[in-house]
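The values are calculated or read from the model by the stated rules, or taken from the named source; none is laboratory data. Remember, it's a predicted structure, so these values are computed and weren't measured experimentally. Quick reminder, even Gly has a Cβ in these numbers, built from the backbone with ideal geometry, and neighbours come from all protein chains shown. For accessibility, only protein heavy atoms count, side chains too; no ligands or nucleic acids. Shrake-Rupley method; radii C 1.70, N 1.55, O 1.52, S 1.80 Å.
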Amino acid sequence: MQSKIDFAELETQCRDFILSLLHADVAHDISHIERVVRVAKQLCTAEEANMAVVLPAAWLHDCVAVAKNHPDRAKASTMAADKALSFLSSINYPEQYFAAIHHAIVAHSFSANIAVQSVEAQIVQDADRMDALGAIGVSRCMKVGGSIGRYLYHKDDPFCLHREPDDTKYTLDHFFIKLLHIAQSMNTPSAKDEAKRRTEYMLAFLEQLKSEIGE
């Protein structure tokens, strides 16, 4: 039963497992995972969801990390879900939660494009997407752009006013392709409010950038 799970011990085991892995994507380090876990726990409490599913799924959602520009990116969440269950089995985690944990991990990914089928999966997805918003979202976007050699912005049309955005070449274009639309994809009421607040910060950042580059 859920009441018999030592969540503090589970978190220690999950953290140690994640730290033992090497990740290909600089934006999916232990700091990202810890932020996702913190938000997921908050949402789980607010939405009265099952912590026995949410907590391990949040900790392990990126236990297989594939770089943003890698051709296998869409498969990463399924690979992570499989690896997560293997790890949970090794620590004798209750198998009754495995199917729900697997789904929550698979469905969290934008690239996988899989519909969420439980409130627990919604929470893990919302928590992960929240980390792409606000100040941390801006920071992670810039970090990823630098790691794969993208230009910061198109010198003649930085804000995509007269062209289609292309985030394979320009980091700033990723705001217009994805980041500014994330709030609309949030599932839970608790996440929607925070996502709106963080998006407003990102819009203010763009306005500040616009003034600094003379647009």
Counting only protein heavy atoms and rolling a 1.4 Å probe, one gets per residue an accessible area for the stretch 102-159 in Å² of 41 Å²
On a 1.4 Å probe surface of the protein chains, which of Asp173, Asp166, Asp156 comes out largest in accessible area, and what is the full order?
Asp156, Asp166, Asp173
Treating the angle as unsigned and between 0 and 90°, give the value, to the nearest 10°, between the Cα long axis of helix 119-130 and the longest Cα principal axis of the chain.
40 degrees
Which percent of the accessible heavy-atom area of the chain goes to carbon and sulfur, probe 1.4 angstrom?
52 percent
From the cross-link list Lys143/Lys210; Lys4/Lys192; Lys41/Lys83; Lys83/Lys169, the entries with a Cα-Cα span beyond 29 Å are Lys4/Lys192; Lys83/Lys169
Nearest 10 degrees is fine. How inclined is helix 98-107 to the longest principal axis of the chain, computing both from alpha carbons?
0 degrees
Report, to the nearest 10°, how far helix 30-47 tilts away from the longest principal axis of the Cα atoms in the chain, using its own Cα long axis and a range of 0 to 90°.
70 degrees
Do the sum for the chain: with -39,500 (n - 2.57) for every DSSP H run of n ≥ 4, divided by all residues, what is the mean residue ellipticity at 222 nm, to the nearest 500 deg cm²/dmol?
-18000 deg cm²/dmol
Roughly how many Å is it from the Cα centre of the stretch 30-54 to that of the stretch 129-197, as a whole number?
23 Å
So which chymotrypsin sites (Phe, Trp or Tyr not before Pro) in the stretch 89-196 end up in coil per DSSP with only 16 or fewer other C-beta atoms within 10 Å?
Phe110
Whats the longest run of the chain with zero trypsin sites (Lys or Arg not before Pro) that are DSSP loop and have at most 16 other Cβ atoms within 10 Å?
1-154
Candidate residues Ser211, Ser89: accessible-area rank, largest first, probe 1.4 Å
Ser211, Ser89
The stretch 84-160 - Rg over Rh from alpha carbon coordinates, Kirkwood radius
1.15
Solvent-accessible surface (1.4 angstrom probe) belonging to Ser185, in square angstrom, nearest 10:
40 Å²
Would the stretch 111-215 count as rounded, prolate or oblate if I go by the C-alpha gyration tensor, calling it rounded below 1.5 in a/c and otherwise prolate when a/b exceeds b/c, oblate otherwise?
prolate
I need two numbers for the chain: Rg to one decimal and Dmax as a whole number, Cα atoms only, in Å.
17.9, 60
Give me the net charge of Ser118's neighbourhood, meaning all other residues with Cβ under 14 Å from the Cβ of Ser118; Lys, Arg count +1, Asp, Glu -1.
-4
